Amino acid sequence: MRLTTAGESHGKALVAIIEGLPAQLAIDEDQINAELALRQQGYGRSARQTIETDRVEILSGVRDGKTLGSPVALLVMNRDYENCKEYMSASKIGESGKVSHAVKSPRPGHADLSGMLKFKTEDARDVLERASARETAVRVAAGAVFKSYIAALGVQISGFVKEVGGVKDGGMYAFDELSRAKESPLGMLDREAEKRAMDKLSTLKEAGNTAGGIVEIRVKGLKSGFGSCMTYAEKLDARLAGALMSIQAAKGVEFGGGFSLASLSGREAHGAIAYENGAFIREGDLSGGIEGGMSNGGEIVLRVAMKPIPTLKNGLPSVDFTTKEKSVAASERSDVCAIFAFERIAEAVVAEVLACAVKERLGGDVLSELTARYKLLD
Ligand code: EPS
């Protein structure tokens, strides 16, 4: 199973190609569009979201609402392209040899400066257009397909926003409570923490500043043994961490007790193994549902940290790339916080990694082969 995406933030469209899906998997366009709509929500998004109304167009690999086993291609248009054609067209632009809307002052924290040096361009737009988190729209569309694939095995993914700009939701929530997070403007479950977080964001917005946060993602229903302890590349936690770190603005990933495990004793950190009603169980498991790089049959629990968005309305100090004079980093509009969207994106990425691990272990040209093989597992 493999996902590739293409597309620039203000280019014509975003595209995803998924290879390796079995035939006969039901694909529901409305479900994909519901995920896309959620990704656009959340308090603190920029005016760009009033321009875009993300909808998926399925270009290939699906017929009569079911996969054919061929690559599935998904398209999400960028409506803002209409406003940016003049400098984003793929055709040669203008006679003057100069492209308008060049970005000369790289933003600290964005891909701009490293990309300008690496790709030998004096216009950061050549880099930022792809580095932009706009790409996550089509990644979320693909994630909805991966969610359907693993849902066929009874595997569910959910999550919530645990922290925004330093304001923490310290609650302990059962898996079934997490879906309530979608109804909150910040994706939080504790209303009191959410109110404090909203106040914090309002203050930051006034000051032209931004915030990050932490999301918690959980997976329910995955049997043990996905991923493998045998090679680095197969370890499920390593794969999840790597993929999650590829989300724009991600800066950290932890599983279960995560960093807090480092200060616990062995007896505190590792719950007991017991055998009840014909099955092995773990009591007080802080591993996050993954041991030795393999799912252990319990709930997978992971958290991802998002840094504050580096595009500030009142730009950060920078340098003009060409003149080397002091300047202020580029900014036209800015999200104050995109943590609600980040949670949806993290779910999509987890779905992608799990789908790949499932496909590797169980194969299957047709969905029914996959479900039959899954039933045989412990
Ligand atoms: C982004 C910058 C902003 C965000 C964008 C990600 O876009 P613009 O430069 O057009 O104002 O709005 O996110 C999206 C467009 C989106 O749909 O999530 C960036 O630099 O990463």
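A Förster radius of 45 Å, combined with the Cβ-Cβ distance separating F280 from K251, puts the computed FRET efficiency at roughly 0.80. One decimal place: the segment Q41-T231 gains 64.5 nm when fully extended, by the rule 0.36 nm per residue minus the C-alpha distance.
For the chain, the relative contact order works out to 23 percent when only alpha carbon pairs closer than 8 Å and six or more residues apart are counted.
Taking 0.36 nm per residue of separation and subtracting the current Cα-Cα distance, fully stretching the chain between A272 and K168 would add 34.5 nm. From helices alone, the chain scores -9500 deg cm²/dmol at 222 nm; the rule is -39500 (n - 2.57) for each run of n ≥ 4 DSSP H residues, then divide by the residue total. When the chain is described by a simple charge dipole with +1 on each Lys and Arg Cβ and -1 on each Asp and Glu Cβ, the residue from S91, Q248, S224 located farthest towards its positive end is S91. The residues T323, T210, when put in order of fewest to most other Cβ atoms within 10 Å, stand as T323, T210.
Taking the inverse of the mean 1/r over every pair of distinct Cα atoms in the chain gives a Kirkwood hydrodynamic radius of 22.1 Å.
Taking the Cα centre of the chain as origin and assigning +1 to Lys and Arg Cβ atoms and -1 to Asp and Glu Cβ atoms, the resulting dipole is close to 700 debye. Note on the chain: with a GNM built from Cα contacts shorter than 10 Å, the maximum mean-square fluctuation among E82, E163, E352 falls on E82. For segment 153-246, what class follows from the C-alpha gyration tensor (a ≥ b ≥ c being the square roots of its eigenvalues): rounded when a/c is under 1.5, otherwise prolate if a/b is larger than b/c, else oblate? Oblate. Anyone know which of E206, E360, E343 comes out most mobile in the 10 Å Cα GNM of the chain? Maximum fluctuation in the GNM of the chain, among the listed residues, is at E206. Distance between the 7 Å Cα→Cβ label points at K324 and D64: 6.8 nm. Excluding same-chain neighbours fewer than eight residues apart, the aspartates and glutamates reachable from K313 by a Cα-Cα span under 16 Å are E206, E332, D335.
Looking only at A233, A262, A250, which one moves most when the chain is put into a Gaussian network model with springs between Cα atoms under 10 Å? Among A233, A262, A250, the largest GNM mean-square fluctuation belongs to A262. The value for segment 287-370 of Rg(Cα) / (2.2 N^0.38 Å) is 1.79. Other residues whose C-beta falls under 12 angstrom from the C-beta of G256 contribute a net charge of -3, scoring Lys and Arg +1 and Asp and Glu -1.
All of the numbers you see were taken from the coordinates with simple rules; none came from a lab. Given the structure is predicted, the values throughout are model-derived calculations rather than measurements. Positions of Cβ are backbone-derived with ideal geometry, glycine not excepted, and every protein chain shown enters the neighbour counts.
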